[in-house]
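The values are calculated or read from the model by the stated rules, or taken from the named source; none is laboratory data. Please read all numbers here as calculations on a predicted model, not as lab measurements. Every residue, glycine among them, receives a Cβ derived from its backbone with ideal geometry; neighbour counts consider all protein chains shown.
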Amino acid sequence: MVFMIMYFNLKDGVTEEEFVKKAKEFLSYHQAKVEGFGPSKLYRHYAIGANPRTYQIHVEFRDFAMWDRFVALNEKDAKSARLLRENWHSLIDMNTHYDELVNEVPL
């Protein structure tokens, strides 16, 4: 199992409620369309520091090939591309976000 973890802030003027509504639509559509796209969890941080990220989202997927399927869907499916623009690109401050891919190492 692999997790994509994205740390981000919302753009100025975007409410958490607005983001959650759009994120649910985006994530449920992609879960239905992309094989291996698993459940997601959103966390709100109360961070301190020079550039704290307020939010963190964990997206679970079965394997690294899911990312290729995700990108391919966004390139060929108009609704998928629209949801990506309306959610990630319109609501999230993409200039200060960062992503990481992690997988668990069993002990």
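Name the residues in segment 1-33 that are free of Cβ contacts under 8 Å to residues at least 24 places away in the same chain and either in a helix (DSSP H, G or I) or crowded, with 16+ Cβ neighbours inside 10 Å (or both), would you?
17, 20, 21, 24, 28, 31, 32
Would it be correct to say that residue 44 is touching a strand residue (DSSP E or B) at 6+ places or on another chain (Cβ under 9 Å), within 18 Å of residue 99 (Cα to Cα) and loosely packed, with under 11 Cβ neighbours inside 10 Å? Quick ask: steps written out before the conclusion?
Details: touching a strand residue (DSSP E or B) at 6+ places or on another chain (Cβ under 9 Å): yes; within 18 Å of residue 99 (Cα to Cα): yes; loosely packed, with under 11 Cβ neighbours inside 10 Å: yes.
Criteria met by residue 44.
Could you pull out the residue among 40, 80 that is in contact with a His (Cβ under 8 Å, 6 or more places away or on another chain) and not in a helix (DSSP H, G or I)? Lay out the reasoning, then the answer.
Details: 80 fails: not in a helix (DSSP H, G or I).
On inspection, the qualifying residue turns out to be 40.
For the structure I just gave you, tell me whether residue 75 is of a type in the set (D, E, K, R), free of Cβ contacts under 8 Å to residues at least 60 places away in the same chain and not in a helix (DSSP H, G or I). Before you say what the answer is, go through the steps one by one.
Numbers: of a type in the set (D, E, K, R): yes; free of Cβ contacts under 8 Å to residues at least 60 places away in the same chain: yes; not in a helix (DSSP H, G or I): no.
Judged against the criteria, residue 75 is not a match.
Can you confirm whether residue 101 is within 15 Å of the chain's Cα centre (by Cα) and surrounded by 13 or more Cβ atoms within 10 Å (Cβ to Cβ)?
So residue 101 fails the test.
Only one of (1) surrounded by 12 or more Cβ atoms within 10 Å (Cβ to Cβ); (2) at pLDDT 95 or above fails for residue 62. Which number is that?
(2)
Consider only pairs whose beta carbons are under 9 Å apart and that are at least six residues apart or on different chains; among these, list those whose first residue lies in segment 34-54 and is in contact (Cβ under 8 Å) with a residue 12 or more places away in the chain and closer than 25 Å to residue 71 by Cβ and whose second residue is small (Gly, Ala, Ser) and in a loop (DSSP other than H, G, I, E, B).
53/47
Does residue 52 qualify as being surrounded by fewer than 17 Cβ atoms within 10 Å (Cβ to Cβ) and either closer than 19 Å to residue 3 by Cα or in contact with an Asp or Glu (Cβ under 6 Å, 6 or more places away or on another chain) (or both)?
On the way: surrounded by fewer than 17 Cβ atoms within 10 Å (Cβ to Cβ): yes; either closer than 19 Å to residue 3 by Cα or in contact with an Asp or Glu (Cβ under 6 Å, 6 or more places away or on another chain) (or both): no.
Considered against the rule, which asks whether it is surrounded by fewer than 17 Cβ atoms within 10 Å (Cβ to Cβ) and either closer than 19 Å to residue 3 by Cα or in contact with an Asp or Glu (Cβ under 6 Å, 6 or more places away or on another chain) (or both), residue 52 comes out as no.
Is it fair to say residue 38 is in contact with an Asp or Glu (Cβ under 8 Å, 6 or more places away or on another chain), farther than 13 Å from residue 92 by Cα and not aromatic (Phe, Trp, Tyr)? Explain how you work it out, then say what you get.
Details: in contact with an Asp or Glu (Cβ under 8 Å, 6 or more places away or on another chain): yes; farther than 13 Å from residue 92 by Cα: yes; not aromatic (Phe, Trp, Tyr): yes.
Yes.
Can residue 60 be described as touching a residue at least 12 places away in the same chain (Cβ under 8 Å) and in contact with a Pro (Cβ under 6 Å, 6 or more places away or on another chain)? Even if it seems obvious, please write down each step before you answer.
Details: touching a residue at least 12 places away in the same chain (Cβ under 8 Å): yes; in contact with a Pro (Cβ under 6 Å, 6 or more places away or on another chain): yes.
The answer is yes for residue 60.
Being among the polar types (S, T, N, Q) and closer than 14 Å to residue 29 by Cα is the filter; apply it to segment 41-97 and report the residue that is nearest to the chain's Cα centre (by Cα).
Step one: filter segment 41-97 for residues among the polar types (S, T, N, Q), giving 51, 54, 56, 74, 80, 87, 90, 95-96.
Pick out the ones that are also closer than 14 Å to residue 29 by Cα and you get 74, 80, 87.
Details: 74: 13, 80: 13, 87: 9 Å.
Among residues in segment 41-97 that are among the polar types (S, T, N, Q) and closer than 14 Å to residue 29 by Cα, the one nearest to the chain's Cα centre (by Cα) is 87.
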